[in-house]
1. Would you check if SER48 is among the small types (Gly, Ala, Ser), within 12 Å of ligand 1 (Cβ to nearest atom) and either over 17 Å from GLY164 (Cβ atoms) or out of contact with any His (no Cβ under 6 Å at 6 or more places or on another chain) (or both)?
2. Among the strands (runs of 3 or more DSSP E) lying completely within the range 1-93, list those that include at least 1 residues that are under 23 Å from ARG143 (Cβ atoms).
3. Go through the range 1-49 residue by residue and tally those that are at positive phi and of a type in the set (S, T, N, Q).
4. Please find, among GLU198, GLU241, GLU219, GLU184, the residue that is over 30 Å from GLY153 (Cα atoms) and in the same structural domain as GLY63 (by TED's automatic domain parsing).
5. Residues in the range 156-168: is at least one farther than 25 Å from ASN52 by Cα and without any contact (Cβ under 8 Å) to a residue 40 or more places away in the chain?
6. Which of the helices (runs of 4 or more DSSP H) contained wholly in the range 103-192 include at least 2 residues that are among the β-branched types (Val, Ile, Thr)?
7. Please count how many residues of the range 1-24 are surrounded by fewer than 17 Cβ atoms within 10 Å (Cβ to Cβ) and not hydroxyl-bearing (Ser, Thr, Tyr).
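The values are calculated or read from the model by the stated rules, or taken from the named source; none is laboratory data. For clarity, every value in this text was computed on a predicted model and none was experimentally measured. Ideal geometry is used to build each Cβ from the backbone, glycine not excepted, and the neighbour counts take in all protein chains shown.
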Amino acid sequence: MAVQIALENVSLRFAAKPQPFTVLEEISLSLQKGEFVVLLGPSGCGKSTILNLVAGFNQPDSGRVLCGGEPVQKPGPSRGMIFQQPNLFPWLSVLENVTFGPRLGKYRKEHVNAEALDWLARVGLKGFEHHAPWQLSGGMKQRVALARAWLPGPEVLLLDEPFGALDAQTRMMMQELLRTAWLETRTTLLFVTHDVDEALFLADRILVMSAKPGKIVDEITLPFGRERDIETLAAHPRYSEIKHHVLHRVRQEAKRHLR
Ligand SMILES: Nc1ncnc2c1ncn2[C@@H]1O[C@H](COP(=O)(O)OP(=O)(O)OP(=O)(O)O)[C@@H](O)[C@H]1O
Ligand SMILES: [Mg+2]
């Protein structure tokens, strides 16, 4: 399988006060094309910083960040990003929000609109294309953000706690929706969360980080298969053991960070 994203010995310092500090130290990781990887780790360990490097919003001080074998130098349409807040333009309709990116470049309106409507249907928003963002619930807004990110056909999607602000039921629906869209498109996903259950349901592989400086300290490949059901996953013979291990590692790192 081809490597889609690679960080090779990446280090980064921030010029913070009272003194500069190393946020990421010698981080190496790679994602195979089509893989779903979840990053877990204590607050402030550098998870968003890693996503920002892959997105091209920032550059490492040393080491390399590669996407499809090419060095990442700036943001580009091959890498989409989804944040905790949907960040929709309040004065644009749902359809206009979803097609905003393509409309900045050369595009065929009918084609882009048809694809946008298709994505809106896939995320369960058929019939809402002419609504304004303020007429939607939080989960619906985040579904618009998903459609918007997927419309340009990115190779990679970077998701920074995208369901963190949603209630438990909506969150579960969004997780299922995300997995379905991922299975259909085979986009490579790098997903940040604090929620161990979410990580266990979504990921092919979980990476656990430590803080100050940020490093990858554990890697767990999940044996649950790609076709998962949120209701029956917990009955998998290895679910409890793996959940315990991941919880333990995450808590260990969080406690170490607090000390
Ligand atoms: N532009 C910046 N300049 C200086 N320091 C920064 C900058 N961005 C982030 N930091 C610091 O780098 C560290 C890592 O930040 P980052 O946002 O990557 O953490 P995180 O793991 O995503 O945390 P959380 O789980 O709370 O979102 C934090 O200590 C943060 O204060
Ligand atoms: Mg963050």
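1. Spelling it out, SER48 is indeed among the small types (Gly, Ala, Ser), within 12 Å of ligand 1 (Cβ to nearest atom) and either over 17 Å from GLY164 (Cβ atoms) or out of contact with any His (no Cβ under 6 Å at 6 or more places or on another chain) (or both).
2. Numbers: elements: 3-14, 21-32, 36-40, 62-67, 79-82.
Result: 36-40, 79-82.
3. 1
4. Working: GLU198 fails: over 30 Å from GLY153 (Cα atoms); GLU219 fails: over 30 Å from GLY153 (Cα atoms); GLU184 fails: over 30 Å from GLY153 (Cα atoms).
GLU241 is the lone residue from the list that is over 30 Å from GLY153 (Cα atoms) and in the same structural domain as GLY63 (by TED's automatic domain parsing).
5. Within the range 156-168, one or more residues are farther than 25 Å from ASN52 by Cα and without any contact (Cβ under 8 Å) to a residue 40 or more places away in the chain.
6. The qualifying helices (runs of 4 or more DSSP H) are 168-185.
7. Result for the range 1-24: 14.
Conditions (1) within 16 Å of ligand 2 (Cβ to nearest atom); (2) free of Cβ contacts under 8 Å to residues at least 12 places away in the same chain; (3) touching a strand residue (DSSP E or B) at 6+ places or on another chain (Cβ under 9 Å), marked per residue:
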| position | (1), (2), (3) |
| --- | --- |
| GLU96 | no, yes, no |
| LYS109 | no, yes, no |
| TRP134 | no, no, no |
| LEU146 | no, no, yes |
| LEU177 | no, no, no |
| THR188 | no, no, yes |
| ASP197 | no, no, no |
